[in-house]
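J.: Below you'll find the structure I mean.
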Amino acid sequence: MSDAAATRRKPTQARALERVERILAAATDLIAETGSGAVKMTEVAERAGVPIGSLYQYFPDKAAILQTLAERIAERVRAGIAESLAGVETRDDALARMDRLLEDYYALFLTEPVVRDIWSGTQSDKKLQELDIADSRANARVVADALKHLVPRKERARFETVCFLTMQLTGAAVRLAIAVDRKEGDRLMAEYRRLLREEFGSILSA
């Protein structure tokens, strides 16, 4: 991603915010139709009904659009993690909720091609890779904070490391699962959930 992407104009007025939303909606539709690699900035501007100059005011290149969409997906996932783990009281409850979170995350990539395409794009762009790692760290903090009361004090540092590793490995596991046929993908995710239950179960207190 170019350095210009980091300095894109931030919309503040209602009209500008609405224009940016149209641009992002248009980009999402085009990605769903052809994949992010084939999308052109001129096509996004045309689909959004905005002048190409206006598009470049907010998004200096396609990578900036992908970054914004990736950030929104990340925020959506993180909010789901926080909501799902709120009020956990027991080890068994924690393990059951983590299991459902993995199922929901896998389902997100199966049912929303745009999410899958954007996430795949993070693997080929250094800046987006950094965003992906930062996202894993942030998600790990949410999980660790939600469950730390079930972790013996002497294990908490290790638990934070396990959470970070888990968040990053989950993306790789899902990428593998969606790259193969559905039956094999389901088996892979079932085995991954089993591994995580064992790991988290060995740390969390009853």
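J.: Give the residue, chosen from Ser54, Ser124, that is at pLDDT below 95, of a type in the set (Gly, Ala, Ser) and open to solvent by less than 20 Å² (accessible area, probe 1.4 Å).
T.: Ser54
J.: Something else about it: Which one of Thr90, Thr111, Thr68 is over 21 Å from Asp132 (Cβ atoms) and either of a type in the set (Ser, Thr, Tyr) or at pLDDT below 90 (or both)?
T.: The match here is Thr90.
Conditions (1) touching a strand residue (DSSP E or B) at 6+ places or on another chain (Cβ under 6 Å); (2) free of Cβ contacts under 8 Å to residues at least 12 places away in the same chain; (3) of a type in the set (D, E, K, R), marked per residue:
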| position | (1), (2), (3) |
| --- | --- |
| Leu150 | no, no, no |
| Lys154 | no, yes, yes |
| Phe159 | no, no, no |
| Val162 | no, no, no |
| Met167 | no, no, no |
| Lys183 | no, yes, yes |
| Ala190 | no, yes, no |
| Glu198 | no, yes, yes |
| Ser205 | no, no, no |
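J.: Also, I was wondering about something else. I'm trying to understand the selection: among the residues of the stretch 28-42, which are under 18 Å from Tyr56 (Cα atoms), open to solvent by 70 Å² or more (accessible area, probe 1.4 Å) and among the hydroxyl-bearing types (Ser, Thr, Tyr)?
T.: Thr42
J.: Same structure, new question: So Val20 fits all but one of (1) open to solvent by 30 Å² or more (accessible area, probe 1.4 Å); (2) hydrophobic (A, V, I, L, M, F, W, C); (3) in contact with a Pro (Cβ under 8 Å, 6 or more places away or on another chain); what number is the exception?
T.: Just one mismatch for Val20, condition (1).
J.: How about the stretch 127-168: which of its residues are open to solvent by 80 Å² or more (accessible area, probe 1.4 Å), among the basic types (Lys, Arg) and more than 13 Å from the chain's Cα centre (by Cα)?
T.: Lys127, Arg141, Lys148, Arg153, Lys154, Arg158
J.: Let me ask another. Output the residue which, of all residues in the stretch 169-206 that are open to solvent by 80 Å² or more (accessible area, probe 1.4 Å) and of a type in the set (Lys, Arg), is nearest to the chain's Cα centre (by Cα).
T.: Ranking the candidates gives Arg175 first.
J.: A further question on this structure: For the condition closer than 17 Å to Gly80 by Cβ, acidic (Asp, Glu) and modelled with pLDDT under 95, what is the one hit in Asp135, Asp145?
T.: From the options Asp135, Asp145, the qualifying one is Asp135.
The values are calculated or read from the model by the stated rules, or taken from the named source; none is laboratory data. Note that this is a predicted model, so its numbers are computed, not measured. Note: ideal-geometry Cβ built from the backbone for every residue, glycine included; neighbour counts use all protein chains shown. Just so you know, the surface numbers come from the protein's heavy atoms only, side chains and all, with ligands and any DNA or RNA stripped out. Shrake-Rupley method; radii C 1.70, N 1.55, O 1.52, S 1.80 Å.
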